[in-house]
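Below is one structure; the comments refer to it alone.
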Amino acid sequence: MNGNDTHVYADTDFILALIKPSDWLKESALSILAEHRGNIQTSLTCLTELLLIAARHGLDVQMLITSAVDIAHVDPPTRNTALLAAHYMVEYKLTPLDALHAATAKDTPIISSDTAFDRIGMRRIPLRP
């Protein structure tokens with residue numbers, strides 16, 4: 001650990017940028033990883049998206065999931081997470097997956113290139129080139 005005790009939540013684009021051999025967001029993702037290593041959490045929603053991406057593109061699903069859980073701690077879903085996600089979908093018109101990411105992260109800053117999280121006032125660590 002580098003002394004930074006602030007937990008952050010990783011969206012799928014962050015995990016993918018780190019795992020893919022080349023990605024337009026890789027440099028930014030590596031910098032954020034260096035700053036927050038050991039304090040990164042994600043969710044079953046991220047793992048689900050990785051499974052879907054692997055199936056759609058014929059990628060090595062075991063490598064994707066193993067890499068993801070090496071990068072981030074995976075928090076289990078809860079009833080309250082699902083209810084909060086439903087609220088975000090209705091109130092802020094978030095997609096189901098974005099709503100689940102936001103609900104899981106709650107008050108934790110989220111690493112993402114997706115500006116949809118800005119609409120609900122989340123603190124976002126921008127993932128950008």
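Summary of the geometry: the stretch 35-66 and the stretch 83-129, compared by the centres of their Cα atoms, lie 18 Å apart.
Simple rule: put +1 on each Lys or Arg Cβ and -1 on each Asp or Glu Cβ in the chain, find the dipole, and look at LEU33, GLN62, PRO129; the Cα lying farthest toward the positive end is PRO129.
In the set (1) 1.04; (2) 1.02; (3) 0.95, the label that goes with Rg/Rh (Cα atoms, Kirkwood Rh) computed for this structure is (3). Scanning residues 5 or more positions from SER112 or on other chains, those with amide H under 5 Å from its amide H are ILE125, LEU127, with H placed 1.01 Å from N in the peptide plane. When the chain is treated as a GNM with alpha-carbon contacts under 10 Å, the residue of ARG79, ARG37, ARG119 showing the greatest mean-square fluctuation is ARG79. In a reduced charge model with +1 at each Lys and Arg Cβ and -1 at each Asp and Glu Cβ, the chain shows a dipole moment near 160 debye about its Cα centre.
Think of it as helices only: each DSSP H run of n ≥ 4 in the chain is worth -39500 (n - 2.57), and spread over all residues that comes to -16000 deg cm²/dmol at 222 nm.
Computed over the chain with a Gaussian network model linking Cα atoms closer than 10 Å, the most mobile of LEU44, LEU52, LEU33 is LEU52. Shown for the chain are the DSSP H helices of 18 Å or more along their axis, judged by Cα atoms, with a mean Kyte-Doolittle hydropathy of at least -1.0: 44-57, 79-92. For the chain, the relative contact order is 31 percent, taking Cα pairs closer than 8 Å that sit 6 or more residues apart in sequence and dividing their mean separation by the residue count. Most tightly packed first, judged by the mean number of other beta-carbon atoms within 10 Å of their residues, the peptides 11-18, 91-98 read 11-18, 91-98.
Rule-based calculations on the coordinates, nothing more; no lab input. Just so it is clear, the structure is predicted and the values come from calculations on it, not from any experiment. Cβ sites come from the backbone with ideal geometry, for glycine too, and all protein chains shown count toward neighbours.
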